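Below is one structure, written out as structure tokens, with a few remarks after it.
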Amino acid sequence: MTTPLRTAVCLPTFGDFDARTVGELARSAEEAGWDGFFIWDHLLWDPLGRGGADTTVALTAIALATSRVRFGTLVTPLARRRPWKVARELASLDQLSGGRLVLGIGNGDDVDFAPVGDPTPAKHRAAVLDESLEIVRRLLEEDGPIDHEGTAYRLDGAVLHDTTVQDRIPFWVAGWWPNRKPLLRAARYEGVVPLWKEFHVPTPEEYAACLAVIREARAGTPQEAVPFDALVWARSDGPADERPLGYAEVGATWWVDAFHWRTDSLDDVRRRIEAGPPRVV
């Protein structure tokens, strides 16, 4: 049986894409029939040298401008964030949006770490990422005081009294195929954002091979019964484009039209969003 496929857009938040503009584009996407609206999450990397929107402020603008679409980051390099601050932000955004938030998570790269002296080795970032994921989830979902003794963080009786609308905010984990570790991390959570080098768009067969690794890892575990989302990071040609259908047949649940600062102007993005999503049924 073909998996129901939803559609989303994802765009950067620097240059012309300030928080007010992002909110306006999100409203346009919702009105045009898209199902999701996602943004990048960078702090210091600004290739245009024109400044950008703070991620949480931009997400707030999206939440206030929409009422239906799923929204969030694709993706947040969690190792550069304080997990307890992230947990508070997530709870507030989920409340504000009526339970529509998703957190996309990745390992990040040097551009947001090295300039401020944060450790840059990928293995170190991955270890901090895993520890942060555990802390964020516990703060959001456990009622009592939380103790944690880890490599990067220590918590002694920490409590976050904030509640979320969703029983669980979905965590979608990004990773570069064919690296297995990010995929195995994704298998422990609620979704995967598989990426190929140079942002190559995989064939449905290549995509299916990636998902097979995750299915194998989830088989026989409690996670096997938990709904799981799989994103295709690509770009459609317009509402008549039928390519997404092939990915739905192998297990994809989201098609993401991903825009890039190098190739897409604000006018380009606005026109594509207003034209509506590609064909998924």
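Which number in (1) free of Cβ contacts under 8 Å to residues at least 60 places away in the same chain; (2) touching a strand residue (DSSP E or B) at 6+ places or on another chain (Cβ under 9 Å) marks the one condition that His124 misses?
All conditions are met except number (2).
In this structure, does Leu160 turn out to be in a loop (DSSP other than H, G, I, E, B), farther than 16 Å from Val226 by Cα and either at pLDDT 95 or above or among the β-branched types (Val, Ile, Thr) (or both)?
Yes.
Looking at region 64-82 only, could you name the residues that are under 24 Å from Leu44 (Cα atoms), in contact with a strand residue (DSSP E or B) (Cβ under 9 Å, 6 or more places away or on another chain) and not hydroxyl-bearing (Ser, Thr, Tyr)?
Phe71, Gly72, Leu74, Val75, Pro77, Leu78
If only one of Asp167, Asp162, Asp156 is surrounded by fewer than 18 Cβ atoms within 10 Å (Cβ to Cβ), in contact (Cβ under 8 Å) with a residue 60 or more places away in the chain and either out of contact with any Phe, Trp or Tyr (no Cβ under 8 Å at 6 or more places or on another chain) or closer than 30 Å to Val201 by Cβ (or both), which one is it?
Of Asp167, Asp162, Asp156, the one residue that is surrounded by fewer than 18 Cβ atoms within 10 Å (Cβ to Cβ), in contact (Cβ under 8 Å) with a residue 60 or more places away in the chain and either out of contact with any Phe, Trp or Tyr (no Cβ under 8 Å at 6 or more places or on another chain) or closer than 30 Å to Val201 by Cβ (or both) is Asp162.
Restricting to region 11-23, name every residue that is surrounded by fewer than 21 Cβ atoms within 10 Å (Cβ to Cβ) and among the aromatic types (Phe, Trp, Tyr).
Correct list: Phe14 only.
Can you give me the number of residues within region 82-115 that are in a helix (DSSP H, G or I) and on the phi > 0 side of the Ramachandran plot?
So the answer is 0.
Listed here are the residues, each with its yes/no results for (1) farther than 21 Å from Phe228 by Cα; (2) touching a residue at least 60 places away in the same chain (Cβ under 8 Å); (3) not basic (Lys, Arg).
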{"residue": "Gln95", "(1), (2), (3)": "yes, yes, yes"}
{"residue": "Asn107", "(1), (2), (3)": "no, yes, yes"}
{"residue": "Ala114", "(1), (2), (3)": "yes, no, yes"}
{"residue": "Pro119", "(1), (2), (3)": "yes, no, yes"}
{"residue": "Asp143", "(1), (2), (3)": "yes, no, yes"}
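Inspect region 34-47 for any residue being more than 28 Å from Leu245 (Cα to Cα), buried (at least 20 other Cβ atoms within 10 Å of the Cβ) and among the charged types (D, E, K, R) and give the result as yes or no.
For region 34-47, residues more than 28 Å from Leu245 (Cα to Cα), buried (at least 20 other Cβ atoms within 10 Å of the Cβ) and among the charged types (D, E, K, R): present.
Starting from residues that are among the polar types (S, T, N, Q) and farther than 17 Å from Asp35 by Cα, keep the ones in region 237-273 and report whichever is modelled with the lowest pLDDT.
Thr263
Here's the yes/no breakdown for (1) assigned to a helix (DSSP H, G or I); (2) surrounded by 19 or more Cβ atoms within 10 Å (Cβ to Cβ); (3) aromatic (Phe, Trp, Tyr):
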| position | (1), (2), (3) |
| --- | --- |
| Ala174 | no, yes, no |
| Lys181 | yes, no, no |
| Arg185 | yes, yes, no |
| Tyr189 | no, yes, yes |
| Ala209 | yes, no, no |
| Ala212 | yes, no, no |
| Arg215 | yes, no, no |
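From the set of residues in region 107-137 that are in contact with a Ser or Thr (Cβ under 7 Å, 6 or more places away or on another chain), surrounded by 16 or more Cβ atoms within 10 Å (Cβ to Cβ) and more than 16 Å from Lys85 (Cα to Cα), which is modelled with the lowest pLDDT?
Per the criteria, the residue is Phe113.
Hey, among Ala8, Ala58, Ala79, Ala26, which residue is buried (at least 18 other Cβ atoms within 10 Å of the Cβ), in contact (Cβ under 8 Å) with a residue 24 or more places away in the chain, touching a Lys or Arg at 6+ places or on another chain (Cβ under 9 Å) and not in a strand (DSSP E or B)?
The match here is Ala79.
Within region 233-281, take every residue that is among the aromatic types (Phe, Trp, Tyr) and part of a loop (DSSP other than H, G, I, E, B) and give me the one that is farthest from Leu211 (Cα to Cα).
This residue is Trp261.
The values are calculated or read from the model by the stated rules, or taken from the named source; none is laboratory data. Note that the coordinates shown come from a computational prediction; the quantities given were computed from them, not determined experimentally. With ideal geometry, Cβ positions are generated from the backbone for all residues, glycine too; neighbour counts draw on all protein chains shown.
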